[in-house]
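Okay, so here's the structure we're looking at.
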């Protein structure tokens, strides 16, 4: 039971580079989410997706792009990384609708130099 | 907009004792869910307990229970018989059942719990 996985677990990049964080879930959950976690802010929603090809912005979407061509994958792309995007990124999923509990991946720690 | 406040950045408890973590939230909605998540040093976010706003009965999961006061917009977590493995960051979270952002969790800033042997 793989559940929800994220890759890479750690990433160091430079300002201006494009970075893609991967999220994969094996539960066939409809909803998927991307959060970032920063000291003093807790977790904040970046983007979410209700189903394949349906995505919407969360609280802090600027500088990020998402896609969801397949139900099981929800990649997050930083088109031109900035130092303020140094953070820990969590992917989450929930089964059918908004009333289901969200389950989180192990997180990706990103450092932008 | 909804907000979640955890007023205790850090808490400490002796092993086998009981500790209560506080959480308050602000919302004008009546239909929502509240959660407590645990984040150990591994950084994994683990669901501890969940409460549905329309249920008056407080949720319980083994040693973990909540005191849900809807009118006061308070949602505290009680950990009984604390164990060393309970040491972690604990996040309170709110989720609305209304609007275009259904399913989105709003988190507090967390409480770091230490357990002393």
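The values are calculated or read from the model by the stated rules, or taken from the named source; none is laboratory data. Because the structure is predicted, anything quoted here is derived from the model rather than measured. Every residue, glycine as well, gets a Cβ built from its backbone with ideal geometry; the counts of neighbours run over all protein chains shown.
Against the conditions (1) under 18 Å from residue B:105 (Cα atoms); (2) in a strand (DSSP E or B); (3) at the interface with chain B (Cβ under 10 Å from one of its Cβ atoms), residue A:106 satisfies every one except (2).
Residue count for the range B:42-68 satisfying the condition of being in a loop (DSSP other than H, G, I, E, B) and either surrounded by 15 or more Cβ atoms within 10 Å (Cβ to Cβ) or more than 14 Å from every other protein chain (Cβ to nearest Cβ) (or both): 10. Give the residue that is surrounded by the most Cβ atoms within 10 Å (Cβ to Cβ), with candidates limited to residues of the range A:36-56 that are within 21 Å of residue A:95 (Cβ to Cβ) and facing chain B (nearest Cβ under 8 Å). Selected residue: A:48. Scan (1) touching a strand residue (DSSP E or B) at 6+ places or on another chain (Cβ under 9 Å); (2) away from chain A (no Cβ under 12 Å); (3) free of Cβ contacts under 8 Å to residues at least 24 places away in the same chain; (4) outside any strand (DSSP E or B) for the single condition residue B:71 breaks and write down its number. Of everything listed in (1) touching a strand residue (DSSP E or B) at 6+ places or on another chain (Cβ under 9 Å); (2) away from chain A (no Cβ under 12 Å); (3) free of Cβ contacts under 8 Å to residues at least 24 places away in the same chain; (4) outside any strand (DSSP E or B), residue B:71 misses just condition (1).
Looking at this structure, is residue B:6 within 14 Å of chain A (Cβ to nearest Cβ) and modelled with pLDDT of 95 or more? Talk me through it step by step, then tell me what you get.
Values: within 14 Å of chain A (Cβ to nearest Cβ): yes; modelled with pLDDT of 95 or more: yes.
The answer is yes for residue B:6.
Quick one: is residue A:29 more than 10 Å from chain B (Cβ to nearest Cβ), in a strand (DSSP E or B) and over 16 Å from residue B:107 (Cα atoms)? So residue A:29 does not fit the description; no. Screening the range A:60-99 for residues that are at the interface with chain B (Cβ under 8 Å from one of its Cβ atoms) and assigned to a loop (DSSP other than H, G, I, E, B) and picking the one that is modelled with the lowest pLDDT gives A:98. Does residue B:82 satisfy the condition of being modelled with pLDDT of 95 or more, in a strand (DSSP E or B) and more than 9 Å from chain A (Cβ to nearest Cβ)? Criteria not met by residue B:82.
If the condition is being within 14 Å of another protein chain (Cβ to nearest Cβ), exposed (fewer than 13 other Cβ atoms within 10 Å of the Cβ) and part of a strand (DSSP E or B), then the range B:9-41 contributes only B:10.
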